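Q: Pasting a structure here, questions to come.
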Amino acid sequence: MQIHKPTYEEALSLFKEFNKNESLLKHAYSVEAVMRYVARKAGEDEEKWGFIGLVHDLDYELFPEEHCKKTKEILEERGWPPEYIRAAISHGWGMYNDEEPQSYMEKVLYAVDELTGLVSAAALIRPSKSLADLEVKSVMKKWKEKSFAAGVNRQVIEKGASMLEVKIKELVADVIAGMREVADKIGL
């Protein structure tokens, strides 16, 4: 199969082909935006990082028991570059596969994937129900409450921050900033 760089339309269409759930789409948009934000900040390829953020949970709705495995198969069948595929599935390291994040891009995806959920939840409990006035300290306060957004795997976020050699507060600031860029799209 011929390897080709996907267009944004192809990546979004592919995600929507396998995912009808609105909250999964909002999550994909959130992770995409954060990946683009961090890529820009680091002088990396914003488009590539965004595509990977967008499709990282490609198989989650239809194949939850085979999460990441099916994403790899689908992207290979569509001729996506191996680097994109490896990056997309590396977010499942230690939970769904053994693809340890190696590159900076992979480590960022691993670290921010779960964190977008915590930031979304923290925004939703604000009177404004918005990211516009959400502060890092508010998220960090909720971080300590293990019952708040209990489905968010804080250990993964901690491991990701450690791999990136950054404080969790720095990651939270990047996630808030990235998600603000798509606030209208994700309803926050």
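The values are calculated or read from the model by the stated rules, or taken from the named source; none is laboratory data. Fair warning: this is a prediction, and the values are worked out from it, not measured in the lab. No Cβ is skipped: glycine too gets one built from the backbone with ideal geometry, and neighbour counts run over all protein chains shown.
Q: May I ask you to verify whether Glu32 is in contact (Cβ under 8 Å) with a residue 40 or more places away in the chain and touching a Leu at 6+ places or on another chain (Cβ under 6 Å)?
A: Working: in contact (Cβ under 8 Å) with a residue 40 or more places away in the chain: yes; touching a Leu at 6+ places or on another chain (Cβ under 6 Å): yes.
When the stated conditions are applied, Glu32 passes them.
Q: Looking at Ser138, Ser103, Ser120, which is the one that is more than 27 Å from Glu44 (Cα to Cα) and of a type in the set (S, T, N, Q)? Before the answer, list the steps.
A: On the way: Ser103 fails: more than 27 Å from Glu44 (Cα to Cα); Ser120 fails: more than 27 Å from Glu44 (Cα to Cα).
Ser138 is the lone residue from the list that is more than 27 Å from Glu44 (Cα to Cα) and of a type in the set (S, T, N, Q).
Q: Any residue in the range 135-153 that's closer than 12 Å to Val172 by Cα and at pLDDT below 95: show its pairings with residues that are assigned to a helix (DSSP H, G or I) and of a type outside the set (A, V, I, L, M) at Cβ separation under 6 Å, as long as the two are six or more apart or on different chains.
A: Once the first residue is closer than 12 Å to Val172 by Cα and at pLDDT below 95 and sits in the range 135-153, no partner that is assigned to a helix (DSSP H, G or I) and of a type outside the set (A, V, I, L, M) comes close enough.
Q: Of all residues in the range 127-166, how many are of a type in the set (Ser, Thr, Tyr) and more than 18 Å from Met179 (Cα to Cα)? Full working, then the answer.
A: Taking the range 127-166 as the starting set, the residues that turn out to be of a type in the set (Ser, Thr, Tyr) are 128, 130, 138, 147, 162.
Adding the requirement that they be more than 18 Å from Met179 (Cα to Cα) leaves 147, 162.
The total comes to 2.
Q: Answer yes or no: is there a residue in the range 38-61 that is among the charged types (D, E, K, R) and in contact with a Gly (Cβ under 7 Å, 6 or more places away or on another chain). Break it down into steps so the answer makes sense when it comes.
A: Step one: of the range 38-61, the residues among the charged types (D, E, K, R) are 40-41, 44-48, 57, 59, 61.
Within this subset, residues satisfying the condition of being in contact with a Gly (Cβ under 7 Å, 6 or more places away or on another chain) are none.
No, there is no match, as no residue in the range 38-61 is among the charged types (D, E, K, R) and in contact with a Gly (Cβ under 7 Å, 6 or more places away or on another chain).
Q: Any idea which residue in the range 52-107 is nearest to Ala33 (Cα to Cα), counting only those that are of a type in the set (S, T, N, Q) and part of a loop (DSSP other than H, G, I, E, B)?
A: Of all residues in the range 52-107, those of a type in the set (S, T, N, Q) come to 71, 90, 97, 102-103.
Filter again for part of a loop (DSSP other than H, G, I, E, B), leaving 102-103.
Working: Gln102: 21, Ser103: 19 Å.
Filtering the range 52-107 for residues that are of a type in the set (S, T, N, Q) and part of a loop (DSSP other than H, G, I, E, B), the one nearest to Ala33 (Cα to Cα) comes out as Ser103.
Q: Sticking with this structure for a sec: Take the residues in the range 1-51 that are out of contact with any Pro (no Cβ under 6 Å at 6 or more places or on another chain), assigned to a loop (DSSP other than H, G, I, E, B) and under 18 Å from Arg78 (Cα atoms), then tell me which one is modelled with the lowest pLDDT.
A: Per the criteria, the residue is Met1.
Q: Residues of the range 67-108 being among the acidic types (Asp, Glu) and more than 19 Å from Val156 (Cα to Cα), which ones?
A: Of all residues in the range 67-108, those among the acidic types (Asp, Glu) come to 73, 76-77, 83, 98-100, 106.
Residues satisfying the conditions are Glu73, Glu76, Glu77, Glu83.
Q: Right, another one. Only one of these conditions is not met by Ala173: (1) among the aliphatic types (A, V, I, L, M); (2) surrounded by fewer than 16 Cβ atoms within 10 Å (Cβ to Cβ); (3) not in a helix (DSSP H, G or I). Which number is it?
A: (3)
Q: Let me ask something else. Search the range 72-96 for residues that are closer than 14 Å to Val108 by Cβ and pair each with any residue that is hydroxyl-bearing (Ser, Thr, Tyr) and crowded, with 20+ Cβ neighbours inside 10 Å when their beta-carbon atoms are under 8 Å apart and the residues are at least 6 apart or on different chains.
A: Close Cβ pairs satisfying both conditions: Ala88/Thr71; Ser90/Tyr110; His91/Tyr110; Trp93/Tyr110.
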